[in-house]
1. Can you give the relative contact order of the range 193-279 as a percent, counting alpha carbon pairs under 8 Å and 6+ residues apart?
2. Determine the per residue accessible area of the range 193-279 with all protein chains present and a 1.4 angstrom probe, expressed in square angstrom.
3. For Val11, which sequence-distant residues (separation of 5 or more, or a different chain) have an amide H within less than 5 Å of its own amide H, given hydrogens modelled in the peptide plane?
4. Quick one: what are the phi-derived ³J(HN,Hα) couplings along the range 274-284, Karplus 6.51/-1.76/1.60 with θ = phi - 60°, whole Hz, x for glycine and proline?
5. Going 7 Å from the Cα of Ser114 toward and past its Cβ, which residues in the range 157-173 have a backbone nitrogen under 15 Å from where you end up?
6. If you scale each eigenvalue of the Cα gyration tensor by 5 and take the root, what three semi-axes come out for the range 193-279, rounded to whole angstrom and sorted largest first?
7. What ratio of Cα Rg to 2.2 N^0.38 Å holds for the range 107-217?
8. Given Cβ point charges of +1 (Lys, Arg) and -1 (Asp, Glu) and nothing else, what value in debye, to the nearest 20, does the dipole of the range 169-244 about its Cα centre take?
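The values are calculated or read from the model by the stated rules, or taken from the named source; none is laboratory data. Bear in mind the structure is a predicted one, so any value in this text is a computation, not a measurement. All Cβ positions, glycine included, derive from the backbone under ideal geometry; neighbour counts span all protein chains shown. Just so you know, the surface numbers come from the protein's heavy atoms only, side chains and all, with ligands and any DNA or RNA stripped out. Shrake-Rupley method; radii C 1.70, N 1.55, O 1.52, S 1.80 Å.
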Amino acid sequence: MTIDDIKTICVIGAGTMGHQISLCAALSGYKVKCTDISQEMLDKAGQFARTYLPERVAKGKMTQEQAELGLANLSFTTSLEEAAQDADFIIEAAVEKIDVKRQLFADLDRIAPSHAILATNSSFIVSSKVADATRRPDKVCNMHFFNPPLVMKLVEVVQGNHTSPETAQITMDLCEKMGKTGVWLKKEIYGFLVNRILAAINHEALFLADIGIASPEEIDTAVTNALGHPMGPFRLMDMTGIDLSYYIGMELYKETRDPKDKPSPLVVEKYAKREWGRKTKKGFYSYE
Ligand code: 3HC
């Protein structure tokens, strides 16, 4: 199989990442079926596409034809069967819970054509944790996008011991077709490249806020103005989801048993209060 055999893409999950990954693939000329267990999430994803595309056209960033093609290529369904049965490539962007993903990969293996590649967009679950739930581990890998996927150029492609080089190559080629820059990791490592670097920054920022040296706003102001980052670590956590920071910390702690890897008190507090950032309209900042 080569990249030219990929015509239909199935995206699992219409949440923070899935809705934009779907649109990005649809705009790149692929037939995309996006599926979610929540009809409400699918409706929101459809609404996003119908608002975003005309705005791009109005801004002169896209032609009317491109926008129409993007919309025509995109469809939504709550049925996993319908979404995956004729997919050549599947990008799983469901909730970051290992049991959910293992069940999904087992189901996808049963439903999808035998040639289909099953990639997970997970931020921290390496694909070896789900590959053995399938009978095609050679066709399983990580394809990790960054938020917001329509804007951020990088995609990390992670080849586990079980992943064939052909699968990793096709995934890299798909990144290019979607206008992304792929980086190919030939070995699995928790957090891949970018989230490990980001975790180091977040860890320090949270420590400084936890011990009352500066507020989240002050730390963000310092980072944006001194380091030139487009967003400070707290605003970024609000965008990527404080629930995700919590899960990442808990998973890392489970692996390392190192107390410094546990989610910080501030993250635990926000998680417990369901102040998860933009998605709940409140995090370190308010979005009402
Ligand atoms: N969706 C789609 N497009 C968006 C967007 C969104 N949510 N937010 C902004 N954009 C687009 C705008 O349309 C605009 O496009 P244009 O220049 O082509 O017209 C462009 O991005 C700039 O937007 P704005 O002028 O409104 O705002 P900013 O200049 O502040 O940019 C940002 C917003 C692109 C989000 C920028 O702040 C940024 O790059 N922030 C850092 C993002 C980042 O670090 N992401 C990685 C997070 S880590 C991660 O995802 C890993 C995961 O595992 C958790």
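1. Values: 77 pairs, mean separation 23.5, N = 87.
Contact order relative to length: 27 percent.
2. Numbers: 4970 Å² over 87 residues.
Normalised by residue count, the accessible surface of the range 193-279 is 57 Å².
3. For Val11, whose amide H was placed from the backbone, the distant partners under 5 Å are Lys33, Cys34, Thr35, Ile91.
4. 6, 9, 9, x, 3, 5, 10, 6, 8, x, 6
5. Inside the label zone: nothing.
6. On the way: eigenvalues 79, 41, 34 Å².
Gyration-tensor ellipsoid for the range 193-279: 20, 14, 13 Å.
7. Values: Rg = 16.6 Å, N = 111, 2.2 N^0.38 = 13.2 Å.
After normalising by residue count via 2.2 N^0.38 Å, the value is 1.26.
8. Working: 6 positive and 10 negative charges, 95 e Å.
Once rounded to the nearest 20, the dipole reads 460 debye.
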